[in-house]
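Worksheet: one structure, shown below.
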Amino acid sequence: MKKPSEIRPAEGKLGVLLPGFGAVATTFVAGVEAARRGLARPIGSLTQMQTIRLGKRTEGRAPLIKDFVPIAQLEDLVFGAWDPIADNGYESAVNSGVLRKEQHLDPIKDFLSGIEPMPAAFDTKYVKKLNGPNVKKAANKRELAEALREDIRRFKKENDCDRLVMVWCGSTEIYVRPSAVHESLEAFEKAMEEDHPDIAPSQLYAYAAIMEGVPYANGAPNLSADFAALEELAKERSVPLCGKDFKTGQTLMKTILAPGFKTRMLGLSGWFSTNILGNRDGEVLDDPESFKTKEVSKLGVLEHILQPDMYPELYGDMYHKVRINYYPPRGDNKEGWDNIDIFGWMGYGMQIKVDFLCRDSILAAPIVLDLALFMDLASRAGLGGIQEWLSFYFKSPQTAPGLYPEHDIFIQHMKLKNTLRWMMGESEITHLGVEYYDD
Ligand SMILES: NC(=O)c1ccc[n+]([C@@H]2O[C@H](COP(=O)([O-])OP(=O)(O)OC[C@H]3O[C@@H](n4cnc5c(N)ncnc54)[C@H](O)[C@@H]3O)[C@@H](O)[C@H]2O)c1
């Protein structure tokens, strides 16, 4: 990838387009508006709260990321969405049950009610537990994609946007493997015309976004833009692309803990993870075909961090199991249990139990914000195609073909910050530090 020679300034409005206007998307939009009105802080967002060290430790240079790289201001964001359920932003946020109605939703009701989802490209075959009336009708999938492109253009014009980004916050679709229809743009376009079953609605949004020059990030684990046809199209048109599956909750914990065990050369014989959650996402994941998509995304993490091929004595026999159980009383407040069996010196076993009473959408919302701002930055810096430096935000990071993904959150974090330094012409930080001990 070529180092950017200049980065276009973030002038004018940035439209954030959200296919899927449920718990995550409305929590994100409400939080941005609350921050703009000074009612809440954007906690968990690197673009808003984190600093970045520049140069040597002795230089004392550590600006906020938002003061270092030219990202869009929160004031310049406008929001658009699609959803098969016609609820406006306020209704959807109330139904999602994430934010407290009186404290956080009612004060911004005027703003949230003003965002009405556009009719979705939706097919219940791909999300079996859902149905909704707010859907597009077209002769075939290609026409649906063209209708989405029209929506994108209209939204940009009506909202006077300078630039757009799209973050998929829609439900997890059923498991679809990449097939011949995903191998080239020609095959993909033909398959859309023929209504091929391997083309799921999220792929139509991804295609529409890239065709319109709009960066695309996939927050769900389903196949959406992670195949040759769209990866090549994005590269050719210099459109940033990244995914997939926001790294929140239990997997976030896993990618924090597992690198710790490995750095200390502690063995792992088993990791059993189970969850109870009662939101709409939980209901969708109750369908075995949608769960399969999620399971594949969650299981890959340990394998890549622990490298059992390289350390067969420590990780060769590990047993990894992930369960998700739909339990309505919990709503969005998921509980995730982990039982971890590790072993140390001379093979003696130990156990760690983690009980994470988490709030999924509270962890996901800042990820949507950071992805929107960083993807827009990448676009203005002329960085097209897969943005591996944004792996930090994903359970199944998208990488160049043939390259294994980096799952260790600390490596991902260093990669993200070094990419920002590289973009801005600052030296990358290696933590070698021998220069401090020169005479
Ligand atoms: N909350 C988290 O921490 C987290 C973490 C990782 C991934 N995710 C993923 O993010 C996505 C959103 O999660 P959520 O909790 O907001 O779920 P949600 O069920 O509250 O919202 C998803 C919305 O997408 C809509 N939708 C489904 N298909 C669509 C289509 N084709 N076009 C437009 N809209 C469509 C649904 O009607 C629903 O309103 C899910 O796929 C979930 O698996 C969430």
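Take V29, V239 and order them by how many other Cβ atoms sit within 10 Å, fewest up front.
By the 10 Å Cβ count, ascending: V239, V29.
Would you mind pulling out the separation of the Cα centroids of the range 324-398 and the range 8-31, in Å?
The range 324-398 and the range 8-31 have Cα centres separated by 20 Å.
Structure shown: which of K298/K353; K353/K395; K101/K334; K292/K415 lie over 27 Å apart, alpha-carbon to alpha-carbon?
K292/K415
Setting aside same-chain residues fewer than 8 positions from K13, which lysines have a Cα under 16 Å from its Cα?
Counting by Cα, and skipping residues close in sequence, K13 has these lysines nearby: K156, K157.
Decide, for the range 250-357, between rounded, prolate and oblate: order the square roots of the alpha carbon gyration tensor eigenvalues as a ≥ b ≥ c, take rounded if a/c falls under 1.5, and otherwise choose prolate if a/b is larger than b/c, else oblate.
Taking the square roots of the gyration eigenvalues as a ≥ b ≥ c, the range 250-357 is prolate.
Given the C-alpha centroids of the range 279-298 and the range 107-122, what is the distance between them in whole angstrom?
25 Å
If you take all C-alpha pairs in the range 214-302, what percent of them are over 23 Å apart?
Within the range 214-302, distances greater than 23 Å cover 41 percent of Cα pairs.
Order by neighbour count: T172, T274, fewest other Cβ atoms within 10 Å first, most last.
Arranged by neighbour count, lowest to highest, T172, T274 become T274, T172.
For a footprinting-style exposure proxy, rank K292, K2, K125 by other Cβ within 10 Å, fewest first.
K2, K125, K292
Give the Kirkwood hydrodynamic radius (Å, one decimal) of the chain, defined as one over the mean of 1/r across all pairs of different Cα atoms.
When all Cα pairs of the chain are included, the Kirkwood radius is 22.5 Å.
Determine, from the Cβ-Cβ distance of K2 and Q73 and an R0 of 30 Å, the FRET efficiency 1/(1 + (r/R0)^6), rounded to the nearest 0.05.
Calculated transfer efficiency: 0.65.
Kirkwood Rh over Cα pairs of the range 151-203 into Stokes-Einstein at 10 °C, 1.306 mPa s: D in µm²/s?
Rounded, D is 118 µm²/s.
For the range 74-116, what number results from the quotient of the Cα radius of gyration and 2.2 N^0.38 Å?
For the range 74-116, the normalised Cα radius of gyration comes out at 1.16.
Determine the sum of side-chain charges near M192: Lys and Arg each +1, Asp and Glu each -1, restricted to other residues whose C-beta is under 10 angstrom from that of M192.
-3
Considering only DSSP beta bridges whose two residues both sit in the chain, what percent are antiparallel, to the nearest 5?
Around 40 percent of the beta bridges assigned by DSSP in the chain are antiparallel ones.
A short reminder: the numbers here are calculations on the coordinates, not readings from a lab. Source: prediction; values computed, not measured. Counting neighbours? That spans all protein chains shown, and the Cβs are built from the backbone with ideal geometry, glycine included.
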